[in-house]
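The values are calculated or read from the model by the stated rules, or taken from the named source; none is laboratory data. In this text the structure is predicted, and so the values were computed from the model without any measurement. All Cβ positions, glycine included, derive from the backbone under ideal geometry; neighbour counts span all protein chains shown. These area figures cover heavy atoms from the full protein model, side chains too; ligands, DNA and RNA do not enter into them. Shrake-Rupley method; radii C 1.70, N 1.55, O 1.52, S 1.80 Å.
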Amino acid sequence: MLEDGTSRLAVIGDVWLSGGDLARGLAHVRRSDWHELTRWPGSYWVVADTGTSTVVLTDLCGQRPVYHARLDDIVLWATQAKPLAHATKAAVDQAGMVRRLVVPALGDLVGAQTTFAGVHRVPGGHALTLTARSRHVDPYEPESPPMTFTESAVRLRDALATAVEARATSPAETITADFSGGLDSTTLALLTARAGRDVLGVTLADRLNPNDDVSYAVLAATAEPRLRHELVAPEPPPTFFNDLLSAPVTDQPHSDAGRWARKWSYQRHAVAAGSTLHLTGSGGDLLLATPATCLADLAAGGHHLTLWRAARARARLRHRPVYDVAQNAYQLADTSYPDALRQLAAAIRWAASVHTGVGHCAGWLQVVLPLG
């Protein structure tokens, strides 16, 4: 934490920067250049006080959440929703809970809401500004000019290399990594090894879910001497929704809770190795993969040959019939967003009237989710 006159700056979390960089951050506080305070390597919160306002920043991806709620004439904020719900005696938001459990992929339906009524989350890339008279949430990242695919790839490569090198040169004694053999985790582990650090990569070899990722993991580990590879094949193999009562309690419902037993079956080996820094590539597909809606754009634009090629590639990736993928694209192109939401609502009502339990309802929703 630094202070200079009426300006104060606190950075909390995993951040790799020098004292000089932090001191220069005070100049950004005085100019209200909030986006400059999020460009350091790491994952962290920023709290700035200008003398007339307090500004709380999440990270770009929202991995460091910030919540806020009103209690009489006071605005409270915290990095967890439960303390705010307790302080304001907030009831559970039943509709919000259903949205999170049934359609977690449709972020627009959740927005800034939490599972507690009156407790709101600051979206990633946004800042919560508090003054004596108001509170408001605004994006802090300036709009970037369009870039070509090549330019974007170079920017991504540089950002990954910088982030990994900062962690590799940190005081962490033992570095471990998920090492599924997929592109995300493999890239991070190999970048760390090539930055001069020994890495323990742990791979789950599950006989119930065989795929070629494990062979890719073995091949990549063989080519990097600094990467120590450990294949984990637990018996019996962990399945989805195993041991849910043993899963750690989280502040908000977590979409990965159903896979907790599978993840713990191999990540516990990293804990046993004394890991002080663990890398995981989970989430890269969500961030970088092309959404299914791009196929609808091709259909709407009349690019039928390009659509067919893309549909074949997506069908192979998702193990689905190519005709179903193409048909969904054309159907989505002819469906407005309000109509898609109405169809989704109708499917939820129908499934709830026929079946009991969210699992049945979610199964029926697979038919209409591509329309959203």
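Applying the condition of being surrounded by 10 or more Cβ atoms within 10 Å (Cβ to Cβ) and over 20 Å from Ala78 (Cβ atoms) to segment 128-144 and asking which residue is modelled with the lowest pLDDT yields Glu141. For segment 307-326, the tally of residues that are over 21 Å from Asn211 (Cβ atoms) and either touching a residue at least 12 places away in the same chain (Cβ under 8 Å) or surrounded by 13 or more Cβ atoms within 10 Å (Cβ to Cβ) (or both) stands at 6. Does Gly51 satisfy being within 30 Å of Arg157 (Cβ to Cβ) and either out of contact with any strand residue (DSSP E or B) (no Cβ under 6 Å at 6 or more places or on another chain) or of a type outside the set (Phe, Trp, Tyr) (or both)? Criteria not met by Gly51.
Grab the helices (runs of 4 or more DSSP H) fully contained in segment 198-303, keeping just those with 1 or more residues being modelled with pLDDT of 85 or more.
Details: elements: 213-222, 260-272, 284-288, 293-300.
Fully inside segment 198-303 and qualifying: 213-222, 260-272, 293-300.
Identify all residues within segment 170-179 that are open to solvent by 60 Å² or more (accessible area, probe 1.4 Å) and free of Cβ contacts under 8 Å to residues at least 60 places away in the same chain; write none if there are none. Residue satisfying the conditions is Pro171 alone. Within segment 216-255, the set of residues being open to solvent by 70 Å² or more (accessible area, probe 1.4 Å) and hydroxyl-bearing (Ser, Thr, Tyr) comprises Tyr216, Thr222, Ser246, Ser255.
Tell me, please, whether a residue that is open to solvent by 70 Å² or more (accessible area, probe 1.4 Å), at pLDDT 75 or above and under 26 Å from the mean Cα position of the chain (by Cα) can be found in segment 342-356. Looking through segment 342-356, none of the residues is open to solvent by 70 Å² or more (accessible area, probe 1.4 Å), at pLDDT 75 or above and under 26 Å from the mean Cα position of the chain (by Cα).
Would you point out the residue of segment 327-337, among those that are assigned to a helix (DSSP H, G or I) and either open to solvent by 60 Å² or more (accessible area, probe 1.4 Å) or hydrophobic (A, V, I, L, M, F, W, C) (or both), that is modelled with the lowest pLDDT? Let's see the steps before the verdict.
Initially, segment 327-337 is screened for residues assigned to a helix (DSSP H, G or I), giving 327-333, 337.
Keeping just the survivors that are either open to solvent by 60 Å² or more (accessible area, probe 1.4 Å) or hydrophobic (A, V, I, L, M, F, W, C) (or both) gives 327, 329-333, 337.
Working: Gln327: 92, Ala329: 92, Tyr330: 93, Gln331: 89, Leu332: 88, Ala333: 90, Tyr337: 78.
Taking the candidates together, the pick is Tyr337.
In segment 43-62, the qualifying residues are those that are touching a His at 6+ places or on another chain (Cβ under 9 Å) and outside any loop (DSSP other than H, G, I, E, B), and the one that is nearest to His126 (Cα to Cα) is Leu57. How many residues does segment 9-28 hold that are open to solvent by less than 50 Å² (accessible area, probe 1.4 Å) and touching a residue at least 24 places away in the same chain (Cβ under 8 Å)? Qualifying residue count for the region: 6.
Answer yes or no as to whether Asp158 is acidic (Asp, Glu), modelled with pLDDT of 90 or more and open to solvent by less than 20 Å² (accessible area, probe 1.4 Å).
Values: acidic (Asp, Glu): yes; modelled with pLDDT of 90 or more: yes; open to solvent by less than 20 Å² (accessible area, probe 1.4 Å): no.
Taking the combined requirement at face value, the residue does not satisfy it.
Which residues, counting only those in segment 63-89, are in a strand (DSSP E or B), under 24 Å from the mean Cα position of the chain (by Cα) and touching a residue at least 24 places away in the same chain (Cβ under 8 Å)?
Within segment 63-89, Tyr67, His68, Ala69, Trp77 qualify.
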